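Just below is one structure, and these are the notes that go with it.
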Amino acid sequence: MKKLYVPLSVVFILFLAFSCSSDMSYDLTGSWSVENEMYSEQHGFIENTFEEGFVVTEQKGHVFKGYKTYVHSLDKKEYTENFSGTISIYGDIVIAEHEDGILVGVVENRNSIILQYAENGDVPKVQYVKLKRFEK
């Protein structure tokens with residue numbers, strides 16, 4: 001019986017060492033197209049799509065920065081907002097927009113990210129955002 005414990009212990013230790021040391025890194029740099037579903041009391045339900053609307057310009061380890069560009073659905077003007085964020089080894093993302101809200105989400109795969117957004121204040125709103133890596 002002791003002969004069985006030793007090999008099993010070695011396998012278990014190797015499994016733990018491998019799973020703890022494997023740093024799953026994600027490269028988010030580049031352009032992402034945006035599919036957006038939004039709700040606010042002021043504007044109601046809105047759906048938008050933007051090609052290259054989300055751009056990660058730089059990433060160092062688990063920290064990144066970039067900007068998003070969109071056309072406002074009511075005034076039809078184009079806006080650009082900077083952001084910075086972090087990504088965990090498990091693909092969990094937190095993004096702080098430099099102007100207002102916070103996005104949280106997860107990487108589905110190397111070409112797809114799901115984010116959820118919340119903003120409070122005078123015009124509170126929520127959004128469900130799907131990013132797809134933009135390939136020209």
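Points to keep in mind about this one:
- Residue tally, condition farther than 15 Å from Ile102 by Cβ and surrounded by 13 or more Cβ atoms within 10 Å (Cβ to Cβ), over the range 115-136: 5
- On the stretch given as the range 112-132, residues that are modelled with pLDDT of 95 or more and either small (Gly, Ala, Ser) or over 23 Å from Ile46 (Cβ atoms) (or both) total 1.
- Hey, Val106 at pLDDT 95 or above and surrounded by 12 or more Cβ atoms within 10 Å (Cβ to Cβ) or not: yes
- Selection within the range 41-57 - on the phi > 0 side of the Ramachandran plot and among the small types (Gly, Ala, Ser): Gly44
- Here Gln59 fulfils each of the conditions (1) surrounded by 15 or more Cβ atoms within 10 Å (Cβ to Cβ); (2) modelled with pLDDT under 95 apart from (2).
- Any pair with Cβ under 6 angstrom, 6 or more apart, that starts in the range 43-69 at a residue that is without any contact (Cβ under 8 Å) to a residue 60 or more places away in the chain and ends at one that is surrounded by fewer than 17 Cβ atoms within 10 Å (Cβ to Cβ) and not in a strand (DSSP E or B): Ile46/Ser73; Val56/Thr29; Gln59/Thr29
- Single residue of the range 62-78 satisfying the filter (at pLDDT below 90 and assigned to a strand (DSSP E or B)) that is farthest from the chain's Cα centre (by Cα): Val71
- Just one of (1) at pLDDT below 90; (2) loosely packed, with under 14 Cβ neighbours inside 10 Å; (3) within 20 Å of Glu119 (Cα to Cα) fails for Glu51. It is (3).
- Applying the criterion of being in a loop (DSSP other than H, G, I, E, B) and in contact with a Phe, Trp or Tyr (Cβ under 7 Å, 6 or more places away or on another chain) to the residues of the range 79-109, the residue that is nearest to Leu28 (Cα to Cα) is Gly91.
The values are calculated or read from the model by the stated rules, or taken from the named source; none is laboratory data. Treat the numbers as computed from the prediction; the structure is a model and nothing was measured. Here the Cβ is made from the backbone with ideal geometry for all residues, glycine too, and neighbour counts use every protein chain on show.
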